C-alpha cells in the first residue's frame, strides 16, 4: 500500500508543470515498487539460476 507520505514525496519530485498522465504514471510506478518490495519481504522471489531456468523454457 502506498502511504500518503510516499505519494506527497512523489508529487513534490514532479516538475512544476505536469500532466495528469505523468501523475498516473508515477502512481503506477510507486505501486509496482511497493508490490515488488512486498514480494521480497514475503519470500516470493526467484534466484538468478531459477529465473534463467524458467526463462529458458519461454525463450526456445
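What angle, in degrees between 0 and 90 and rounded to the nearest 10, separates the Cα long axis of helix 48-58 from the longest principal axis of the Cα atoms of the chain? Taking the Cα atoms of the chain, the angle to 48-58 is about 80 degrees.
Here each label is just a point 7 Å from Cα along the line to Cβ, and for residue 3 and residue 35 those points are 2.2 nm apart. Helical content alone sets the calculated 222 nm signal of the chain at -23000 deg cm²/dmol, taking -39,500 (n - 2.57) per DSSP H segment of four or more residues and averaging over every residue. Which angle from 0 to 90°, rounded to the nearest 10, does the C-alpha axis of helix 4-13 make with the longest principal axis of the chain? Once rounded, one gets 80 degrees.
Once log10 I(q)/I(0) by the Debye sum over Cα atoms at q = 0.13, 0.14, 0.16 Å⁻¹ is calculated for the structure shown, the corresponding label among (1) -0.58, -0.61, -0.68; (2) -0.29, -0.34, -0.44; (3) -0.54, -0.59, -0.68 turns out to be (3). Once the Cα atoms are used to define both axes, helix 20-41 deviates from the longest principal axis of the chain by about 40 degrees.
Bear in mind these aren't lab numbers, they're just calculated from the coordinates by the rules spelled out. Every value quoted in this text rests on a predicted model; they were computed, and no experiment measured them. Glycine also receives a Cβ, built like all others from the backbone with ideal geometry; neighbour counts cover every protein chain displayed.
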